[in-house]
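The values are calculated or read from the model by the stated rules, or taken from the named source; none is laboratory data. Note that this is a predicted model, so its numbers are computed, not measured. Cβ placement follows ideal geometry from the backbone for every residue including glycine, while neighbour counts extend to all protein chains displayed.
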Amino acid sequence: MNRGRLLHPFLAVIARLDTVATRASNGGEGYDDVFRSPQVLEGPGGERVDARKESVIKVPAQVEDRRFEGLRQMPSGDSPQSAMVLTMHFRDLERLELVDDDGVARIHKNDRLVELREICSNKLVQSFRDPPGLYVIEAVPAAHGLGLKRNLLLVSLEQRDTATAATR
């Protein structure tokens, strides 16, 4: 049965957060279980070092830009706002073994978009600086029913703030 297809897809290069490897880093102190995020540690020279460990995957995706590095002035400087939605087909996710046995896609919150590439030539279209990065904030299954299957995964991404907000 026909499950539909993506229109004009690109290759999304995504760095998936590896919580097991992150937790094991820095003597088992690399992951904060309370905040569910990698720890930011002090390096040997006093610099800030992110304990984040990642594995890279490449997934075909339609790209919908929402905003890119829009001005967001804060007391400590500009914290540019960016947002994007990637539409992925479950057929591709299944082929790439990115769907768990319980049917949940293996694209999760805190995974990071590294770059977009042309799907046929693998030529770089755009890379995304980190910080501020573009991080998955939500991955929602959608388009149930076409071909009697679930078809699409809508992945919303936003940047991380690079400036601090004033508190009152």
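Please state which one of Glu94, Glu64, Glu42 is among the acidic types (Asp, Glu), surrounded by fewer than 18 Cβ atoms within 10 Å (Cβ to Cβ) and at pLDDT below 80.
Glu42
If you take just the strands (runs of 3 or more DSSP E) that sit entirely in the stretch 92-156, which of them hold at least 2 residues that are assigned by TED's automatic domain parsing to the domain that holds Asn2 and free of Cβ contacts under 8 Å to residues at least 60 places away in the same chain?
Per the criteria, 124-127, 135-144.
Please verify whether Gly145 is within 30 Å of Asn2 (Cα to Cα) and at pLDDT below 90, treating the condition exactly as stated.
So Gly145 passes the test.
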